[in-house]
Amino acid sequence: MTSSFDLLVIGGSGFVGANLTQAALHAGFKVAYTYVDHRLQLPVSSYQVDLQEKSTLETCLKKTQPKNIVYCALPRGNETKHRIVSIEGVKRTLDALDKATYPKFVYVSSNSVFSGRKGQYRELEKTDAEQQRDDYRAYAVTRAIGEQVALDTWSNSIVVRTADVNGRDVQGNINRRLISLIDQLESGQEIQRLSQAYISPTLVLQRKVRVLRVLLMAFLPFSPSSPTLPPSGEGSLLSLWERERVRENWQGAIARLCAVMLVDNLVDGIMEILDEDFVYRGILHIAGCERITYYEFACKLAKFVNADVSLVKPDPSKIWDYSLDISFTQSLLKTRLLNVEDQFKGIFCGQTWSARNCSIESNHPLVS
Ligand SMILES: NC(=O)c1ccc[n+]([C@@H]2O[C@H](COP(=O)([O-])OP(=O)(O)OC[C@H]3O[C@@H](n4cnc5c(N)ncnc54)[C@H](OP(=O)(O)O)[C@@H]3O)[C@@H](O)[C@H]2O)c1
């Protein structure tokens, strides 16, 4: 028996995919996802689909008949696996889709499709992943080809490039890249971080944390300089709400509270582009708005968690720039793409932090 799902997340058990699956569920979507080894504890339909196998993908697509597909599958392993998942899997998915209903296909990709020689890459710049010479080459090259396959063969496609995603998984655990940094800082270890290599850190958050954050923000003082928060006044959001309410500006008060809730940049951005009214097709950069070096990022994190910033040492040995220019994408989205400090506020709920209270979970192969 077949039934039409609003959304199928291929690779929905991963860090990004699981947060998206959960957000879609909470938004009232009829959502299904695929997994290989890590089935989620979510009340949604799941399908075990290993793209290295012959027909499980096609069977899943036939059963779900999705109106939207977000492709987050990413293998661990050698170039052959990258080809199978990042290229062949896209071709097979698009071949199996119903041309009459013409579902929207969103391919989640990466800033790694660029060589890092230039930086501040714009959406329509030519990719040059083949110039990469490091461990990420197979990932980067196959992802770049996968993008092209999607755009060339299915005009209802959107490629979403993101970068250096930090945040919490659906269990509420902070990702390994961030937690290992915090662990090292808390143990008083010196850490060297590249001071001439630029990235665009991006936020993804688990839903419960977002709700908790809103509640906390309602009672805690906020910094008036923070761009996520109301531009004027001091005090808590609750007092702001009161002031607005007294001025009978209900609309303003609600809008400002909503602005604080919309802190999961990547997932909110993807949810926005899944909307029927979102007409753009092509490439988008849904990443943080701040271009920052690994060194500056670690210093900001140290300050944020009250660790000794002098433990972070600059390492000028490598020069590259993988940052993404997000200005075009931002002009199309209501979701405001955040700077690093506001991302930390989202992740840590504005609270002082102890890494010991948090377990570690991220199976992304690029974060170790
Ligand atoms: N995380 C980042 O920092 C980052 C940065 C830039 C771009 N991105 C992009 O974001 C997307 C998702 O990344 P992520 O961090 O969420 O990755 P992830 O946590 O490693 O998740 C990968 C997903 O792919 C599935 N998968 C692995 N091998 C597969 C196979 N052979 N067949 C079918 N599915 C397979 C995994 O299933 P199981 O877990 O069940 O085995 C999991 O659902 C990728 O497109 C990546 O390029 C991520």
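Please go through segment 30-46 and pick out each residue that is away from the ligand (no atom under 14 Å from the Cβ), in contact (Cβ under 8 Å) with a residue 24 or more places away in the chain and not in a strand (DSSP E or B).
30
How many residues are small (Gly, Ala, Ser) and outside any helix (DSSP H, G or I) if we restrict to segment 117-149? Break it down into steps so the answer makes sense when it comes.
First, the residues of segment 117-149 that are small (Gly, Ala, Ser): 119, 129, 138, 140, 144, 146.
Now drop any that are not outside any helix (DSSP H, G or I), which leaves 119.
Residues in segment 117-149 being small (Gly, Ala, Ser) and outside any helix (DSSP H, G or I): 1 in total.
Could you please let me know if residue 24 is within 27 Å of residue 113 (Cβ to Cβ) and near the ligand (Cβ under 10 Å from one of its atoms)? Walk me through it before giving the result.
Working: within 27 Å of residue 113 (Cβ to Cβ): yes; near the ligand (Cβ under 10 Å from one of its atoms): no.
Taking the combined requirement at face value, the residue does not satisfy it.
Out of segment 16-29, which residues are part of a loop (DSSP other than H, G, I, E, B) and in contact with a helix residue (DSSP H, G or I) (Cβ under 9 Å, 6 or more places away or on another chain)? Working first, answer last.
First, the residues of segment 16-29 that are part of a loop (DSSP other than H, G, I, E, B): 27-29.
Within segment 16-29, 27, 29 meet the criteria.
Looking at 122, 39, 76 in this structure, which one is surrounded by fewer than 21 Cβ atoms within 10 Å (Cβ to Cβ), modelled with pLDDT of 95 or more and out of contact with any Ser or Thr (no Cβ under 7 Å at 6 or more places or on another chain)?
Numbers: 39 fails: out of contact with any Ser or Thr (no Cβ under 7 Å at 6 or more places or on another chain); 76 fails: modelled with pLDDT of 95 or more.
From the options 122, 39, 76, the qualifying one is 122.
Return the residues of segment 57-109 that are within 22 Å of the chain's Cα centre (by Cα) and of a type in the set (A, V, I, L, M); say none if nothing qualifies.
If the condition is that a residue be within 22 Å of the chain's Cα centre (by Cα) and of a type in the set (A, V, I, L, M), then 69, 70, 73, 74, 85, 87, 90, 106, 108 are the ones that fit.
Please tell me if residue 18 is small (Gly, Ala, Ser), closer than 23 Å to residue 172 by Cα and within 10 Å of the ligand (Cβ to nearest atom). Break it down stepwise before answering.
On the way: small (Gly, Ala, Ser): yes; closer than 23 Å to residue 172 by Cα: yes; within 10 Å of the ligand (Cβ to nearest atom): yes.
Spelling it out, residue 18 is indeed small (Gly, Ala, Ser), closer than 23 Å to residue 172 by Cα and within 10 Å of the ligand (Cβ to nearest atom).
May I ask you to list the residues in segment 168-180 that are near the ligand (Cβ under 9 Å from one of its atoms) and within 13 Å of the chain's Cα centre (by Cα)?
So the first thing to find is which residues in segment 168-180 are near the ligand (Cβ under 9 Å from one of its atoms), and the list is 169, 175, 177.
Of everything in segment 168-180, those that are near the ligand (Cβ under 9 Å from one of its atoms) and within 13 Å of the chain's Cα centre (by Cα) turn out to be 169, 175.
Residue by residue through segment 1-24, note down the ones that are closer than 19 Å to residue 268 by Cβ and either in contact with a Phe, Trp or Tyr (Cβ under 6 Å, 6 or more places away or on another chain) or surrounded by fewer than 18 Cβ atoms within 10 Å (Cβ to Cβ) (or both).
Within segment 1-24, 6, 7, 9, 12, 21 qualify.
Can you tell me which of 109, 86 is within 15 Å of the ligand (Cβ to nearest atom) and part of a helix (DSSP H, G or I)? Please lay out each step first, then the result.
On the way: 109 fails: part of a helix (DSSP H, G or I).
Only one candidate qualifies: 86.
Does segment 64-79 include one or more residues that are of a type in the set (Lys, Arg) and within 16 Å of the ligand (Cβ to nearest atom)? It would help to see each step written out before you state the result.
First, pick out the residues of segment 64-79 that are of a type in the set (Lys, Arg): 67, 76.
Still in the list and also within 16 Å of the ligand (Cβ to nearest atom): 76.
Yes, segment 64-79 contains at least one residue that is of a type in the set (Lys, Arg) and within 16 Å of the ligand (Cβ to nearest atom).
Take the residues in segment 181-203 that are within 16 Å of the ligand (Cβ to nearest atom) and of a type in the set (Gly, Ala, Ser); name whichever of them is farthest from residue 41 (Cα to Cα). Before you say what the answer is, go through the steps one by one.
Quick first cut of segment 181-203, residues within 16 Å of the ligand (Cβ to nearest atom) only: 181, 197-203.
Within this subset, residues satisfying the condition of being of a type in the set (Gly, Ala, Ser) are 197, 200.
Working: 197: 38, 200: 31 Å.
Ranking the qualifying residues of segment 181-203, first place goes to 197.
Only residues that are away from the ligand (no atom under 15 Å from the Cβ) and of a type in the set (D, E, K, R): list them for segment 140-167, please.
Once the filter is applied, which keeps residues that are away from the ligand (no atom under 15 Å from the Cβ) and of a type in the set (D, E, K, R), segment 140-167 yields only 152.
Return the residues of segment 1-14 that are touching a strand residue (DSSP E or B) at 6+ places or on another chain (Cβ under 7 Å) and near the ligand (Cβ under 10 Å from one of its atoms); say none if nothing qualifies.
To start, the set of residues in segment 1-14 that are touching a strand residue (DSSP E or B) at 6+ places or on another chain (Cβ under 7 Å) comprises 5-13.
Those that are touching a strand residue (DSSP E or B) at 6+ places or on another chain (Cβ under 7 Å) and near the ligand (Cβ under 10 Å from one of its atoms): 9, 10, 11, 12, 13.
Of the numbered conditions (1) more than 7 Å from the ligand (Cβ to nearest atom); (2) touching a residue at least 24 places away in the same chain (Cβ under 8 Å); (3) over 21 Å from the mean Cα position of the chain (by Cα), residue 49 satisfies every one except a single condition; which is it?
Every condition holds for residue 49 apart from (1).
The values are calculated or read from the model by the stated rules, or taken from the named source; none is laboratory data. Everything quoted here is computed from the prediction, not taken from an experiment. All Cβ positions, even for glycine, are placed from backbone atoms using ideal geometry, and neighbour counts span all protein chains on display.
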